[in-house]
Amino acid sequence: MKKVTFKYLLMLICLISLSTQLKAQCEINLEIMELFCITDTSYTLVVDINTLNLPGSLVEININDEALGQFDTAAFPITISSIIHSGTPNDEISICAVDDNSCCGLLTYEVPTHYCADCFNYDLFWEADCDTDSTYEFIVTPNVVFPDQMAPMGNIIIQIDNNSYEFEYEYGNSYTFSGVELSPN
């Protein structure tokens, strides 16, 4: 009888040990890949995660205790746009396993305030020459300093008097407007 009891006791200890090993500590490590302003009050964040022993494939994202939703871990890295500044120098992102709310990753980061799209540093260099008695040629060279995270792309619109001219923006290019009519002003 003692031999059978000892055997069952040994088997129980093995099962508890195996169960403990199977329920190893869950970890979620966060990494901010990109962080830049969109406007004076909002910004974009690109975040990636590394997980260990996650109980499922879904995580929930919260920024400053505001739930943004559930995401599959296969979707990472994730871009989160139009995040409203909290008004403090630092914001906080937490990502937790949906199946185990004690398994969370938390990261505090500095809110971007000097990369605002409306606040680019720029200079405008221009030259003007007469074409005829009533028109002139206008050469514009915009010098825009973009944040490292934001590649310049898209079109540039230049207004001269009531006329708009649109060009594909390329860094360092000059744009020439010929035949622009002289304004009576």
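The values are calculated or read from the model by the stated rules, or taken from the named source; none is laboratory data. Worth saying up front: this structure is predicted, and the values here are computed from it rather than measured. Cβ atoms come from the backbone with ideal geometry, glycine included; neighbour counts cover every protein chain shown. Note: areas computed on protein heavy atoms with side chains; ligands, DNA, RNA excluded. Shrake-Rupley method; radii C 1.70, N 1.55, O 1.52, S 1.80 Å.
Key figures
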| item | result |
| --- | --- |
| Spacing of the two label points (7 Å from each Cα toward its C-beta) at residue 156 and residue 127, in nm | 1.5 |
| Extension gain (nm, one decimal) between residue 58 and residue 75, 0.36 nm per residue minus Cα-Cα | 5.1 nm |
| Point-to-point label distance, residue 174-residue 25, nm (Cα→Cβ direction, 7 Å offset) | 6.3 |
| Most to least accessible of 32, 80 (protein chains only, probe 1.4 Å) | 32, 80 |
